[in-house]
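Here is the structure we will look at.
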Amino acid sequence: MDKNVKDAFFKQVEKEPFAQKFGIKLLEIDAGYSKVEMKFTPDMENILGMAHGGAIFALIDEAFETASNSHGTIAVALNMNITYVSSPSSGSKLIAEAREFSRTQKTASYDIKVFDNQNNLIASCQALVYRRETPLPFLQER
């Protein structure tokens, strides 16, 4: 992956309002791959005091978004199937990794896993995108 494209992704995620709201940071990106992190904080708990599924989904979706768009053209989610395996402890650092395992001209499939800082599996996801031929707007601005 071109260094300028990588740099553009890091800048976009840094200023993305949704990523800021959840404290999500991009750690690594390459063609068809992304690694992101987030700290699980008390304001992300559900009514049972466990991690809210929406908070875990937010991290998964950020990994999915960056990995699927890493080829430089717009990719939009078609389907995501998530299995929640365990709830992290409050204060845990969560890391999601998205790996592309199939890509055609129009679709691509991803395997996404979330682990805590103790290497416990928190969630697993299979996801599918529709790939447009439209270049990413933030790469055009460069």
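The values are calculated or read from the model by the stated rules, or taken from the named source; none is laboratory data. These figures come from a predicted structure and were not determined experimentally. Cβ atoms come from the backbone with ideal geometry, glycine included; neighbour counts cover every protein chain shown. Each accessible area value is taken on the protein alone, full model and side chains, heavy atoms only, with ligands, DNA and RNA left out. Shrake-Rupley method; radii C 1.70, N 1.55, O 1.52, S 1.80 Å.
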Seminar exercise, completed: All-but-one check, Leu139 against (1) at pLDDT below 95; (2) crowded, with 20+ Cβ neighbours inside 10 Å, failing number (2)
Problem set entry | Cβ-Cβ under 7 Å pairs, at least 6 apart or on other chains, the range 60-71 side within 15 Å of Val114 (Cα to Cα), far side open to solvent by 10 Å² or more (accessible area, probe 1.4 Å) and among the hydroxyl-bearing types (Ser, Thr, Tyr) | Ala67/Tyr33
Problem set entry | Residues that are among the β-branched types (Val, Ile, Thr) and in contact with a helix residue (DSSP H, G or I) (Cβ under 8 Å, 6 or more places away or on another chain), drawn from the range 75-107 | Ile82
Problem set entry | Output for the range 112-134, where each listed residue is open to solvent by 60 Å² or more (accessible area, probe 1.4 Å) and either in contact (Cβ under 8 Å) with a residue 60 or more places away in the chain or more than 28 Å from Pro88 (Cα to Cα) (or both) | Tyr130, Arg132, Glu133, Thr134
Exercise. Is it fair to say Met38 is surrounded by fewer than 15 Cβ atoms within 10 Å (Cβ to Cβ) and in contact with a strand residue (DSSP E or B) (Cβ under 7 Å, 6 or more places away or on another chain)?
Worked result: no
Exercise. Which number in (1) modelled with pLDDT under 95; (2) of a type in the set (Asp, Glu); (3) touching a helix residue (DSSP H, G or I) at 6+ places or on another chain (Cβ under 8 Å) marks the one condition that Glu133 misses?
Worked result: (3)
For this session: Examine the range 42-56 for a residue that is under 13 Å from the mean Cα position of the chain (by Cα) and in contact (Cβ under 8 Å) with a residue 40 or more places away in the chain, and state whether such a residue exists.
Result: yes
Seminar exercise, completed: Going through the range 1-23 in order, the residues found to be touching a strand residue (DSSP E or B) at 6+ places or on another chain (Cβ under 7 Å) and either under 14 Å from Leu59 (Cβ atoms) or open to solvent by 50 Å² or more (accessible area, probe 1.4 Å) (or both) are Met1, Lys6, Phe10, Val13, Phe22, Gly23
